[in-house]
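The values are calculated or read from the model by the stated rules, or taken from the named source; none is laboratory data. Here the structure is a predicted model, which is why all the values come from computation and not from measurement. For neighbour counting, all protein chains shown are included, and Cβ atoms are generated from backbone atoms with ideal geometry for every residue, glycine included.
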Amino acid sequence: MSKTVNQTSTTPQFEELPDAPPRRRMKFSWTGKFSICVVVSWVILALIGPYIAPYHEADILDEALFIVPGSDNRYPETTFQNPSKVAFLGTDYMGRDILSRTLFGARTTIAITLAATLLAYIVGVTLGIAAAVGGGILDMSLSRVNDAIVSMPHIMLGLVVIAAIGSTIPILVVLTGFIYAASVFRIARALGQEVMVSDFVEASQVRGEGLWWIITREVLPNVAVPLATDFGLRFVWVLLFISSLSFLGLGIQPPMSDWGSMVRENLAGLPYGSIAPLVPAFAIATLTISINMIVDDISAHSGSKLAKRMI
């Protein structure tokens with residue numbers, strides 16, 4: 001009898017419960033893996049580019065560097081030079097090295113875009129979760145203000161603000177961050193409202209958990225993955241917005257280089273066969289397309305649910 005009791009006491013309880021399903025690992029396609037390599041390469045170049053650039057971004061190359069031995073042309077043109085040993089990617093409309101300006105521009109463009117995107121997420125997520133959790137008058141007030149900002153064309157709003165107060169890097173970061181915070185607010189509020197009506201949140205409220213505990217332990221962990229995925233798309237849109245302002249002459253001001261202004265400045269070289277405007281355009285395209293392909297892979301891994309929530 002004692003053996004039977006001992007065997008019963010040592011028998012593990014809840015044997016009928018199945019094991020928890022294993023967590024699926026993120027698997028990227030070959031296009032996703034290639035895109036990750038491209039993005040990482042640009043990030044590395046943004047960090048070390050100014051230190052490995054052949055020249056400074058503002059240096060105008062001397063005419064003597066382009067003199068061909070035995071040639072009668074003692075004063076050659078330095079503008080829109082073709083790729084050579086002196087300038088591996090040629091020169092721009094002022095005779096500056098395109099490779100050096102592209103490397104310096106990577107640091108400027110990516111750093112400003114990242115700072116503006118982070119600001120947009122800090123403001124948008126904070127206000128969006130507050131509206132979802134608070135509800136009532138707070139939700140209605142924040143949503144109406146947000147709708148007013150979203151209804152304005154981004155480029156037009158940027159042009160008006162910059163024309164009024166000028167264009168500096170801090171102004172660009174703050175302006176772009178607050179413009180795109182409105183879009184982040186919408187997705188953060190929608191995700192927060194979806195989580196707030198879940199059973200586990202109601203169980204936390206019944207247990208007497210505080211509001212801050214619910215936000216940090218229940219809401220934010222469950223909206224982190226969709227927001228992280230949306231961060232990639234938002235980064236692309238911010239990059240294109242800043243490049244558009246620079247293309248219009250209202251973004252980064254000379255002598256600093258960024259990819260958008262480099263395209264605008266060197267458009268006159270296209271009839272002469274110069275690749276000066278194509279190099280920064282290629283840089284923008286490769287970075288934005290690669291980030292989009294990474295986001296597509298992550299969205300496909302989640303059953304395309306994330307893509308439907310992105311605004």
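Numerical summary
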| quantity | calculated |
| --- | --- |
| Selection count where residues are basic (Lys, Arg) and more than 20 Å from Ala268 (Cβ to Cβ), scope segment 73-110 | 3 |
| Residue, nearest to Glu194 (Cα to Cα), within segment 206-251, restricted to residues that are at pLDDT below 85 and of a type in the set (Ser, Thr, Tyr) | Thr216 |
| Looking only at segment 93-152, and only at residues there that are surrounded by 23 or more Cβ atoms within 10 Å (Cβ to Cβ) and touching a strand residue (DSSP E or B) at 6+ places or on another chain (Cβ under 7 Å), the one that is nearest to Ile275 (Cα to Cα) | Ile98 |
| Scan of segment 244-266 for residues that are more than 21 Å from Gly166 (Cβ to Cβ) and either touching a Phe, Trp or Tyr at 6+ places or on another chain (Cβ under 9 Å) or not in a helix (DSSP H, G or I) (or both), ordered by number | Val263, Asn266 |
| Every residue from segment 153-170 that is exposed (fewer than 14 other Cβ atoms within 10 Å of the Cβ) and either hydroxyl-bearing (Ser, Thr, Tyr) or under 22 Å from the mean Cα position of the chain (by Cα) (or both) | Pro153, Met156, Thr168, Pro170 |
| Residues of segment 272-303 satisfying the condition of being at pLDDT below 90 and either within 25 Å of Glu57 (Cβ to Cβ) or not in a helix (DSSP H, G or I) (or both) | Tyr272, Gly273, Ser274, Ser302, Gly303 |
